[in-house]
Amino acid sequence: MDAVDPSAEVIAAAERIGGGPRFRRTDAASAALPKAHYDVITCLASLHHMPFRTVTGFRDALAPGGMLLVLGCYAGHTWWDLAAVPANAVARAGVSAGERLRGSGPAVVPAPVRAPLMSLAAVRGEASRLLPGARVRQLLYWRYLLTYTVT
């Protein structure tokens, strides 16, 4: 199992936890991944930090029957997306209050924040073009789940 991140700080924090994957400090968009090697590749709220075409490198690194799973963020422009703004504010306030009550705070190494640029329609279009047969499902709060299986 391999885990990649471009931040030395993130890699150091992950290595302190220990166990699990091999950690590599590299940019996933340009990482040299072995062809047809991985059974599963996941991206958790990170694909919008890279060119979307990075999925082709992930696709090529999947073994036959392998799966690409992306929990991604999209730029919301529809009435549904705008309606989620108040609900998101309430949810964030609840999480923050819970952290304060438990005495836990934000992560030791804060995650970078970058607004996504692609709309959900654009994500679906590019996924269809680059990952034939991929499914993109809209989730709450400007998130989507992309699933792709190598056949």
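The values are calculated or read from the model by the stated rules, or taken from the named source; none is laboratory data. In this text the structure is predicted, and so the values were computed from the model without any measurement. As a convention, Cβ positions derive from the backbone with ideal geometry for all residues, glycine included, and neighbour counts pool all protein chains shown. For the accessible areas, the whole protein counts, side chains as well, though only heavy atoms, and no ligand, DNA or RNA atoms are used. Shrake-Rupley method; radii C 1.70, N 1.55, O 1.52, S 1.80 Å.
Of note:
- The chain - percent relative contact order, Cα under 8 Å, separation 6 or more: 25
- Taking every protein chain into account, the accessible area of the chain amounts to 63 square angstrom per residue (probe 1.4 Å).
- Segment residue 42-residue 143, length gained on full extension (0.36 nm per residue, minus Cα span): 34.9 nm
- Spacing of the modelled spin labels on residue 60 and residue 151, each 7 Å from Cα toward Cβ, amounts to 2.2 nm.
- Dividing the summed -39500 (n - 2.57) terms of all DSSP H runs of n ≥ 4 by the residue count of the chain sets its mean residue ellipticity at 222 nm at -11000 deg cm²/dmol.
- Fraction of accessible area attributable to carbon and sulfur, region 1-86 (%, probe 1.4 Å): 61
- Accessible surface ranking that places the most exposed of 149, 54, 26, 42 first, with a 1.4 angstrom probe: 42, 149, 26, 54
- Residues 120, 69, sorted by accessible area with the largest first, give 69, 120 [1.4 Å probe; ligands and nucleic acids excluded].
- At the residue level, residue 5 shows approximately 40 square angstrom of accessible surface with a 1.4 angstrom probe and all protein chains present.
- Answer label, with volume of the Cα convex hull per residue in Å³ calculated from the coordinates and candidates [x] 138; [y] 198; [z] 120: [z]
- Of all the options 95, 113, 70, the one that moves most in a Gaussian network model of the chain with Cα springs shorter than 10 angstrom is 95.
- The heavy atoms of residue 118 present about 50 square angstrom of accessible area, all protein chains included, probe 1.4 Å.
- For the chain, a Gaussian network of Cα nodes joined below 10 Å ranks 66, 133, 98 by mean-square fluctuation, and the top entry is 98.
- Residue range of the chain that is longest and free of trypsin sites (Lys or Arg not before Pro) which are both DSSP loop and sparsely packed (at most 13 other C-beta within 10 Å): 36-113
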